[in-house]
Every structure is written in C-alpha cells, then in structure tokens.
Amino acid sequence: MTEPNLIETAADEAVTLVSELIRIDTTNTGDPATLVGEREAAEYVAEKLTEVGYEITYVESGGKNRHNVIARLAGADPGRGALLIHGHLDVVPADASEWSVHPFSGAIQDGYVWGRGAVDMKDMVGMTLALARHYKRHDIVPPRDLVFAFLADEEAGGQYGAQWLVENRPELFEGVTEAISEVGGFSITLKDNVRAYLIETAEKGIRWMKLRVRGTAGHGSMIHRDNAVTKLSEAVARLGNHRFPLVLTDSVKEFLAGVTEITGWDFPEDDIDGAVAKLGNISRMIGATLRDTANPTMLTAGYKSNVIPSFAEAAVDCRILPGRLEAFNKELDEILGPDIEKEWMELPPVETTFDGALVDAMTASVLAEDPGARTLPYMLSGGTDAKAFQTLGIRNFGFAPLQLPADLDFSALFHGVDERVPVDALKFGVRVLDRFFQAS
C-alpha cells in the first residue's frame, strides 16, 4: 500500500484526468463515417504514459483513427501470470439539450465529475491512468506484471478495438491470466446501511439483430394484403411483448443468497420479480439477469408516405443468459415465424466463479477502505470487452471500485442523461485499486 499522502496525490490526479478525458468527445455512433475523438483520446493517454517513462504500443486497429494504447509495468515475479486492466475510450452519443451541464464539459461541481463517459467508463480509465503514472514516478513494483490497455470501439462491440487486437495482436497480452474492467466493484446500500460491493463475475451474451420482411410495393391508396410494414410490426410486437422464462444462473443465485444473508429478504421463484424490486434502483440491472431479453430498438421502412415499401426492417437488442443460446433460438423462431429474415452480430456470454486469490484480494482491498462492507458476485445485463479477452483464456471480472451515495441511481447513469461520478468515489476507487494491484 502506498503512503497515504502519496496515494491522495494520485487520487486527486485521477479526478483531473477523468475530467480532461470527458472533455475529449469520443462519441461512437457505430458508423465509421461519423466517429470523433478516439484517436485524440488515445494520444492523450499515450502522452500521459510516456511522460513518466512507459514504453507504449500504439495500435490502429483495423479502421482509420481507431487507436489503442497498451503498456506493461514489470512486476517482481515475471513467472506469475500478468493482470490485465482494460478500459475503453469511446462513449455513446449524448444530446446536450437534455443535460443540466454540457455532456463534454467534464465539469467538476456539486461533488461530482459530470459528462458523457463519467461512469462508462472514463472513471476507471482515469483511476487506472493515475495509478500507472504514480507507480512509474515512485518506482513502485507490483507483485506481478500489470498490462494496461486503453481501447477503442467497445460501445459498438469492439470490432475495431478489443476484438481486433485479440485476433490480430494477441502477443500484446502474452502471459495474462486474469483481467479486470468496468461495471463492478461499485457499492449498493442494503438493510441497516450495510454496503455491498458488486463484483461482476458474469455477463449476458449479446445479439444485435436485424429483422427484415419483404412484401409487395404499391400505391398507398389501394388495398394491400402483402404489406411489409404491417407484417414486420406484428412480428416485432410479438417479440417485444414476449416474456422469456425465468432462469437462475449460478452467479445470480449466489448474489441473491448473499443479499438474503445480509438482509433476511427471501427471493421465492414464484414472486422473484417482486422480491428483486426490494433492491431499489439496482433492481433494473439485476432483474434483467433473471431471463433472456429481446428489446426492439429501431424501425425502418419506406421513403414516401403514399408508397407501400417492398421491405421493412427492425433492430432488436437481444441479451442471452449463459447456456441459453439453443433454447433462445428455438423460442425466437416460434415467436417470429418463417417469413422473417434474420441477420445479426453476436458476442458470447462471460462467466467465472467467485473464488480464488484474486477475489480474496479484491475483497480485502475493499474492506480495508470500508470495514463492515461485503462483496458479492453478480451478473451484468450488458456486455464489455471481456467477451474478447476470454477467447485468450483470460479470467475476467468487473472491478472498478466506487463507494456510492445510497440515494444515487447508479444504473440509470449508464448511457443516461446527466451522467456523473462522485469525486469522493473516484478517490475511494484509487485507494482500493492501489491496495489491490499491490496485493494481487
């Protein structure tokens, strides 16, 4: 553990770094023609690392200006497996007219750092970058190699980021056995003000699907029995209203058992949705891990109001539980029927167990800063770049520690309006990560 005065300096720098990173607009629309800022952010990170003596690898990953920065800090025992700490530099779009502050202001006010990416995930990038600089400045040698990776394109599936690097530059991650990244390690406040820190051990699989229906084109004033818009709308409504079956995976069962131990609350399967609602704001995320989901998100058809189009398309965001793919596909076919064309981009689920030396180190690091707290495993309803790194045999966790106010609706901040992260939570996270890096 670093001396208190030194680690507080690193924590203060993390706040500044997060603010400066947010000011770099790295919006990823998914359309390469409209991308901005990823290269600028990568150059910013590269400069901050080289400034303190790192030798970096700077990689353009399969597309113009899709840049990634990788650096390795040698540990005391080169024979041990390395730890990968990865974070993405891109963010989803934001409409400034909806925000209290400009989404790319990086404003530090009211005890928060505000802006798009504050929790997804420039908070973790800033904390990681601050500690990487701190270790070089003070010649701190961790127990094993730390590999820092700052990546492009996570918000569109990582095709030009982690996925490309794993397929084309796997040597950059040679010797890595375990990894940490976003959406884990944050606190929720349960009964009697006991805080539980949720460590992500699993995440659902992703399928971004396009549905297409073909029909007969014609004039909008006439009778049409083969209207592509009507047929697609009916199919999308069936899918959007469908409720997939309850499936309790091991990670979800372990999370619910931990909550029961802390609170005494029961989670009976015949009323599990009602029971999960007791968790408050986090129930939105936990509830989505009880079953598969398929949410229609976009509809496209036609080019003029008086023309019946020959085809119509819909986008659907599907999230599939580990082990459920075959059953999901069967159910999907039954809902949609034979006339719906389907194409998709798919990324697999991630799942590991909540045990071992690395988990023990996470728990010890959290409890050293928040005695009396608990750590619990949980499944993320979304997805991260862990999906790429697991193909290299790397064991993945979500561990970006933040001690959050009990009344903060944290899950609503992801891709939401007025995204922000508490300044004190960032400083807490730096202290926890410092303990963790030096103990793992």
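The values are calculated or read from the model by the stated rules, or taken from the named source; none is laboratory data. The structure presented is a predicted model; accordingly, all values stated were derived computationally and were not measured. Quick reminder, even Gly has a Cβ in these numbers, built from the backbone with ideal geometry, and neighbours come from all protein chains shown.
Points worth noting:
- Test: residue in region 366-378 that is within 26 Å of GLY157 (Cβ to Cβ) and either in contact with a helix residue (DSSP H, G or I) (Cβ under 9 Å, 6 or more places away or on another chain) or assigned by TED's automatic domain parsing to the domain that holds GLU154 (or both): yes
- Test: residue in region 208-216 that is touching a Pro at 6+ places or on another chain (Cβ under 9 Å) and surrounded by 16 or more Cβ atoms within 10 Å (Cβ to Cβ): yes
- Any hit, region 75-83, residues being among the hydrophobic types (A, V, I, L, M, F, W, C) and closer than 28 Å to LEU380 by Cβ: yes
- Number of residues in region 317-332 that are closer than 20 Å to LYS387 by Cα and in contact (Cβ under 8 Å) with a residue 40 or more places away in the chain: the value is 10.
- The lone criterion from (1) buried (at least 18 other Cβ atoms within 10 Å of the Cβ); (2) under 21 Å from PHE399 (Cα atoms); (3) not charged (D, E, K, R) left unmet by TYR160 is number (2).
- Filtered residue count, region 259-305, keeping only those that are buried (at least 16 other Cβ atoms within 10 Å of the Cβ) and in a strand (DSSP E or B): 4
- Test: ILE335 is in contact with a helix residue (DSSP H, G or I) (Cβ under 6 Å, 6 or more places away or on another chain) and farther than 23 Å from LYS387 by Cα: yes
- Looking across region 22-37, just one residue is of a type outside the set (Val, Ile, Thr), at pLDDT 90 or above and out of contact with any Phe, Trp or Tyr (no Cβ under 7 Å at 6 or more places or on another chain), and that is ASN28.
- Screening region 170-258 for strands (runs of 3 or more DSSP E) wholly inside it with 2 or more residues that are under 30 Å from ALA312 (Cβ atoms) returns the ranges 205-214.
- Subset of region 282-313 [in contact with a strand residue (DSSP E or B) (Cβ under 8 Å, 6 or more places away or on another chain) and over 30 Å from ALA217 (Cα atoms)]: ILE282, MET285, ILE286, ALA288, THR289, ASP292, THR293
- Residues of region 62-99 satisfying the condition of being more than 15 Å from HIS415 (Cα to Cα), in contact (Cβ under 8 Å) with a residue 40 or more places away in the chain, among the small types (Gly, Ala, Ser) and in a loop (DSSP other than H, G, I, E, B): GLY62, GLY63, ALA74, GLY75, ALA76, GLY81
- Search result, residues across region 38-57 that are closer than 19 Å to ALA94 by Cβ and touching a residue at least 40 places away in the same chain (Cβ under 8 Å): GLU38, ALA41
- Residues that are assigned to a helix (DSSP H, G or I), β-branched (Val, Ile, Thr) and surrounded by 15 or more Cβ atoms within 10 Å (Cβ to Cβ), drawn from region 17-49: VAL18, ILE22, VAL45
- Lone unmet requirement of (1) farther than 21 Å from ILE85 by Cα; (2) in contact with a helix residue (DSSP H, G or I) (Cβ under 8 Å, 6 or more places away or on another chain) for PHE173: (1)
- Condition check for GLU167: assigned by TED's automatic domain parsing to the domain that holds VAL147, surrounded by 24 or more Cβ atoms within 10 Å (Cβ to Cβ) and not aromatic (Phe, Trp, Tyr): no
- Taking residues in region 155-174 that are at negative phi, and partners anywhere that are among the acidic types (Asp, Glu) and crowded, with 20+ Cβ neighbours inside 10 Å, the pairs with Cβ atoms closer than 7 Å and at least 6 places apart or on different chains are GLU155/ASP90; GLN159/ASP153; TYR160/ASP153; GLY161/ASP153; GLY161/GLU154; GLY161/ASP385; ALA162/GLU154; ALA162/ASP385.
- Looking only at region 378-402, and only at residues there that are over 25 Å from GLY175 (Cβ atoms) and among the small types (Gly, Ala, Ser), the one that is surrounded by the fewest Cβ atoms within 10 Å (Cβ to Cβ): GLY382
- Checking each residue in region 80-132 for being surrounded by fewer than 23 Cβ atoms within 10 Å (Cβ to Cβ) and among the acidic types (Asp, Glu) picks out ASP95, GLU98, ASP110.
- Residue check, ARG133 assigned to a loop (DSSP other than H, G, I, E, B), of a type outside the set (Val, Ile, Thr), closer than 22 Å to ARG431 by Cβ and at pLDDT 95 or above: no
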